[in-house]
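Please read the structure below before turning to the comments.
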Amino acid sequence: MLATDGTFVLTDHARHQMDNRCIGLETVRCVMAHGDRRVQVGGGMVALSLTRRRRDGLRQRGVAPAQIERAAKIILVVRRAEEPVIITVMRGHVGADRHYRRV
């Protein structure tokens, strides 16, 4: 596991997926900081992403449009603990956050 600046931890798998999918650490930080859609996916994990309303709010606060556009397409699967652990990172689409749901 790779510890970041104290706000979350990336698993080796998440780092590998970021590299394979060309997703930067700043984009992951943006989703972690501002993600407001949380879908329970089982095992104490949630799929975290940005809603359209949150993206509009970020634009109004002056966040760079390119950063918002990159973050809008990302879904993080996160295990909550004292320090959140990002299990995997993926590019999303409508309903993609439910892909990891355990039934």
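Annotations
- In this rough spin-label picture, where each label sits 7 Å from Cα along the Cβ direction, the D19-R91 distance is 1.9 nm.
- Farthest towards the positive end of the charge dipole of the stretch 2-98, among the residues I74, L58, V85, is the Cα of L58, using unit charges on the Cβ of Lys, Arg, Asp and Glu.
- Per-peptide packing, taken as the mean over residues of other Cβ atoms within 10 Å, places 47-54, 61-68 in the sequence 47-54, 61-68 from highest down.
- Residues in the stretch 21-33 carry Karplus couplings, in order, of 9, 6, 10, x, 4, 5, 5, 5, 4, 4, 5, 4, 6 Hz; the curve used is 6.51 cos²θ - 1.76 cosθ + 1.60 with θ = phi - 60°, and Gly or Pro positions show x.
None of the figures in this text is laboratory data; all of them are computed from the coordinates on show. Bear in mind that the values here come from a model prediction, so they are computed numbers and not experimental data. Counting neighbours? That spans all protein chains shown, and the Cβs are built from the backbone with ideal geometry, glycine included.
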